[in-house]
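Notes follow once the structure below has been shown.
Please treat every number below as a calculation from the coordinates, not as lab data. Worth saying up front: this structure is predicted, and the values here are computed from it rather than measured. FYI the Cβ positions are ideal-geometry reconstructions off the backbone, even for glycines, and counts take in every protein chain you see.
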Amino acid sequence: MTASFIDLAQQLADAGRRFDQRGWVLGTSGNFSAVVDHTPLRLAITPSGAWKGRLEANDFLEIDERGAVVSGGSRRASAETPLHLEIVRERGAAAVFHTHSVWSTILSDRHADHDGLAIHGYEMLKGLAGIVTHEHREWIPVIENDQDMDQLAGVVRRTLQTHAASHAFILRRHGLYTWGRTLDEALRHVEILEFLLEAVGRTEIWSNHHGRHQDSV
């Protein structure tokens, strides 16, 4: 493995510990990747079934543009590898993160009938790449989950093409996917979006509870 692979893998492992502490990748949930080389395409990616809070750099696998493991032993790459490859191709991403927070899971189900949710008016939106005002309206598509990863990858590709300005999408009852032109940008997007999803989720629940309370008075 090259020095650049080890460095990227270590940064992804560090992210896994941070996200685990925040409750965003409990159990063996979540998966992360970073582009090691574009020509030919090579990614460092989490192995299947790994606890993200205890990853080390040498736990990561190197895959090619087809998702085949080219370095890292006999372990399997994350089952959602095709989704990472689609995001890298469609967005020119340098890194992709998938988290499984409670709030992304709840909101994905609540807003699935609308195919997504809009977030606007929050100062934290300015942490997303290219956004300069809290008045921005961020649309986060919600995609139905599917165990057929090749089929799901096709849906992800079409969603990314349709919503070219979106910084993320959520798989229904599953979790958030976001990315960045650099690994640091992708990390920032996770933190910004998880904050926003929790803020929106708590607000919706409070509003619904408050509304029912008023109706009963």
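Structure data summary
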| quantity | calculated |
| --- | --- |
| Degrees separating the helix 149-162 axis from the principal Cα axis of the chain, which is the longest one | 60 |
| Angle in degrees between helix 81-91 and the longest Cα principal axis of the chain, rounded to the nearest 10 | 80 |
| Burial ranking of peptide ranges 55-63, 15-23 (average Cβ count within 10 Å, highest at the top) | 55-63, 15-23 |
| Rounded tilt (10° steps) of 183-216 against the dominant C-alpha axis of the chain | 20 |
| Highest average packing first - 181-189, 121-129, Cβ atoms within 10 Å | 181-189, 121-129 |
| Quotient of Cα Rg and 2.2 N^0.38 Å for the chain, N being how many residues it contains | 1.03 |
| Computed log₁₀ I(q)/I(0) - Debye formula, equal Cα scatterers, no solvent, region 49-120, q 0.11, 0.17, 0.22 Å⁻¹ | -0.41, -0.85, -1.12 |
| Charged-residue dipole, Cβ positions (Lys, Arg, Asp, Glu), the chain about Cα centre, Debye nearest 20 | 160 |
| P(r) tail fraction, region 105-200 - alpha-carbon pairs more than 15 Å apart, % | 60 |
